[in-house]
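Have a look at the structure below before the remarks.
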Ligand code: HXC
Ligand code: NAP
């Protein structure tokens, strides 16, 4: 057993209806596929029907469970309400909302037009609160329990240059997650989030590592465990959080990034660039070795450091 395999027992999500925004591609599709494998009814939404229909067909063929594709621009509240109405018409109810849809690209902030800033904030923050508000009102009115899972990023709390609209918007989603976890718990509605580190998807890689940046920056180099994420390990975490096994988890944001953001945060973490030989030289110097030995050790260490990537 390892992280590339499904974790929950068969049927863990049977009887649940789960709505995934941005569910036709990337991580949304991977999480949705696993929910369906575990027995859930699925609704996937985004702006492109062909993409959704193809994903729905592929998922149903794999799992044998129903998937309803519905187009919706998450920025438009009336479209969001229509999606929820159609989902209920098909499945009777929605139990879980996964706010996964996002827009993002890299740019120096001063180069952004105000429309570009709006676009990202509107998809990420407005889109998430549109679905949360419409779904929450419905659950509360019907006195039905609900479960909200939001996908944020690790820079939701640290901030990050060059993706400032996304950082602002994800910070807002993070705050909504924690606020509603308390306010809506009395209605039986839980609210949690996942903060993923780098997980390769076409959508993210094309926009965050455009052109030959893909060859120049390997995101795995920034991750202490030495690799990027596998979709199944994110799907495992998401499936746990949308299942009843996590009934006592509320208001939590779980980071799944191989230690990436902490590596950037720790004052001396970059000392992993220092080769063993240089540590040897420093130790020798501390313990009072001969000058010649020390010089040799330092030079050897520095030479190794030079040739390190
Ligand atoms: C600067 C840009 C731009 C870019 C668009 N704009 N791309 N500005 N750099 N690369 C500007 C446009 O010029 C325009 O402003 C405004 O933004 C709106 O652009 P449209 O193309 O009209 O918007 P729209 O068709 O709604 O498309 C939204 C999008 C697009 C965000 C621009 O990339 C998209 O559809 N993305 C969806 C999928 C996605 O982004 N996935 C990645 C998620 S990854 P003007 O002023 O000219 O009108 C993610 C990972 C985080 O979030 C963490 C990783 C570790
Ligand atoms: P992706 O495949 O591009 O997913 C984004 C989805 O959002 C697409 O299906 C897109 O579909 C949909 N979408 C965008 N704008 C929309 C709108 N206005 N209305 C409705 N749907 C819209 O990228 P991904 O990497 O899987 O990202 C999924 C989530 O993970 C995002 O929340 C992202 O911020 C988060 N995340 C990803 C990474 C990573 O390394 N991949 C890391 C941290 C966080 P359409 O364009 O067809 O509408």
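The values are calculated or read from the model by the stated rules, or taken from the named source; none is laboratory data. Predicted model, so just to flag it, every value in this text is computed and none were measured. Ideal geometry is used to build each Cβ from the backbone, glycine not excepted, and the neighbour counts take in all protein chains shown.
Before moving on, here are some points about what is shown:
- No other residue among 288, 264, 203, 226 is at pLDDT 90 or above and on the phi > 0 side of the Ramachandran plot apart from 226.
- Filtered residue count, region 153-173, keeping only those that are without any contact (Cβ under 8 Å) to a residue 24 or more places away in the chain and within 12 Å of ligand 1 (Cβ to nearest atom): 2
- Meets criteria (in contact with a strand residue (DSSP E or B) (Cβ under 9 Å, 6 or more places away or on another chain) and either away from ligand 1 (no atom under 12 Å from the Cβ) or modelled with pLDDT of 95 or more (or both)) for residue 84: yes
- Test for residue 56: is it within 9 Å of ligand 1 (Cβ to nearest atom) and within 20 Å of residue 30 (Cα to Cα): no
- Among the residues making up region 174-206, none is farther than 25 Å from residue 30 by Cβ and within 9 Å of ligand 1 (Cβ to nearest atom).
- If the condition is being touching a residue at least 24 places away in the same chain (Cβ under 8 Å), in a helix (DSSP H, G or I) and loosely packed, with under 14 Cβ neighbours inside 10 Å, then region 208-244 contributes only 221.
- Residue within region 36-54 that is closer than 26 Å to residue 164 by Cα and part of a helix (DSSP H, G or I) present: no
- Checking residue 14 against (1) more than 12 Å from ligand 2 (Cβ to nearest atom); (2) not in a loop (DSSP other than H, G, I, E, B), the condition it does not meet: (2)
- Matching entry among 125, 97 (being part of a helix (DSSP H, G or I) and surrounded by 18 or more Cβ atoms within 10 Å (Cβ to Cβ)): 125
- Taken together, the residues in region 118-152 that are within 15 Å of ligand 2 (Cβ to nearest atom) and either without any contact (Cβ under 8 Å) to a residue 60 or more places away in the chain or within 17 Å of the chain's Cα centre (by Cα) (or both) amount to 20.
- Taking first residues from region 55-74 that are under 11 Å from residue 41 (Cα atoms) and partners that are more than 16 Å from ligand 1 (Cβ to nearest atom) and at pLDDT below 95, no Cβ contact under 6 Å between residues at least 6 apart in sequence or on separate chains turns up.
- Inside region 58-74, residues that are surrounded by fewer than 19 Cβ atoms within 10 Å (Cβ to Cβ) and under 28 Å from residue 122 (Cβ atoms) make up a count of 2.
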